[in-house]
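As structure tokens, the structure follows; a few thoughts come after it.
Computed from the coordinates by the stated procedures, all read-outs in this text should not be read as laboratory data. Owing to the predicted nature of the structure, the values given are computational and were not obtained by experimental measurement. Reconstructed Cβ throughout: ideal geometry from the backbone, glycine too, with neighbour counts over all protein chains shown.
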Amino acid sequence: MQKQTQGYKRITYIERDIIAQHLALGNSKRAIARKLCRSPSTITREIIRDTKKSDGYGYGAARASRRSVRRASSRRRSKYKLERFVRLHRYVMEKLKQLWSPQQIERRLKDEYPFDKSMRISSESIYRYLYIRPSRELRMLLRHGHLRRRKRGRPRKEEQRGKIPDMTMIEDRPQEVRKRLVPGHWEGDLLKGKRNQSAIGTLVERSTRYVILVPLGGLDASSVRKAFAKAIEGFPKDIRRSLTYDQGKEMADHLQLTMDTDMQVYFAQKGSPWERGTSENTNGLIRQFFPKGTDFTLVNNEELKRAQDLLNDRPRRVLDWQKPDEVLADVLH
């Protein structure tokens, strides 16, 4: 026989019968492989897979063929749980459309359906399901919407910004702020829009991860101060303790902001986004709703409120899978 050069073909019943005969004669697996023009590893796997030593049986062609048919039948049935359980599929798709991550969905299912095993799925299974679907739209439901992983670790250029007078630096924050011991300490930022000509303000509470999206009337210091003060004024004083910000010129009115809100403003070092890690991470979540290049002059308050509500209604791993609005409600009561 000529050596096989074409792609792999499944082992036939005739080949299984030849394997059984040669095993009965005591021939080696390599000799059988040469006889059938097969790889020795293929023959070895076939024999191991279909030899029932526990029952005292050796390799049998008929039994091996029956098992092969059963395995092929199983492969034809969907191996994706999301295609077999309609209610689970509906739940997962609904939460993905609300921009929950697969990890959030996995954990929340355990809380909402503690005794229903059909409502269980791992985050890895959700990822696999999304990436084998031909629809690009499904993959775009994932947090970053990337089709492939992006390289990390590229350093950011340090921004050239003017010095803000009378800054209190981040090193002077009390221990309770650094360790998130009590609520009421916030991090803030501007999320810039198209050509940096529009923006929204972002405020996130460090211990509860509660997010406020702030519409801005302008990008100057006075407009930003007034907008932040208005956004935070409805909270009790215990939830308005401090604000950590970068050295953006929009925070030049920080002393007046402190007078308006009773919130001490602390400034991070230039080029050190990790010092405001909660804000940086939150901005990444917000970009799901408002990608880079968004013109915020075209985004109305209702759209901002909807995005804010969805962000605060997501279970978070850092909160032991509670939602920010649940944690904040516990704090306020």
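Under a 5 Å amide H cut-off, with hydrogens placed 1.01 Å from N, Gln322 pairs with Arg316 among residues at least 5 apart or on other chains. Taking amide hydrogens as placed 1.01 Å from N in the peptide plane, the amide H of Asp189 sits under 5 Å from those of Thr202, each at least 5 positions away in sequence or on another chain. Between Lys230 and Glu326, the contour length at 0.36 nm per residue exceeds the alpha carbon distance by 32.3 nm.
Sequentially through the stretch 12-22, phi angles give Karplus couplings (6.51, -1.76, 1.60; θ = phi - 60°) of 8, 5, 4, 5, 5, 5, 5, 4, 4, 5, 6 Hz, Gly and Pro residues having no value and appearing as x.
A Förster distance of 22 Å, applied to the separation of the beta-carbon atoms of Glu112 and Val86, puts the FRET efficiency at 0.85.
Rounded to whole numbers, the Karplus 3J(HN,Hα) couplings from phi for the stretch 110-126 are 5, 6, 7, 10, x, 10, 9, 5, 6, 9, 10, 7, 7, 4, 5, 5, 5 Hz, using 6.51 cos²θ - 1.76 cosθ + 1.60 with θ = phi - 60°, and x at Gly and Pro. Note on the stretch 187-333: antiparallel DSSP beta bridges, both residues inside, total approximately 70 percent of the bridges counted.
Put simply, the amide H of Leu243, placed in the peptide plane, has neighbours under 5 Å in Trp186, Gln264, Val265, Tyr266, leaving out anything fewer than 5 places away on its chain.
Across the stretch 207-333, Cα-Cα distances exceeding 25 Å account for 27% of all pairs. For the stretch 200-333, the tally of Lys pairs with Cα-Cα distances below 29 Å comes to 21, considering only residues 8 or more apart or on different chains. Highest-first packing order for the peptide set 113-119, 226-232 is 226-232, 113-119, based on the mean count of other beta carbon atoms within 10 Å. Taking 0.36 nm per residue of separation and subtracting the current Cα-Cα distance, fully stretching the chain between Cys37 and Met167 would add 38.9 nm.
Our coupling estimate for the stretch 319-324, obtained by passing each phi through the Karplus curve with A = 6.51, B = -1.76, C = 1.60 and θ = phi - 60°, is 9, 6, 6, 7, 9, x Hz, Gly and Pro reported as x.
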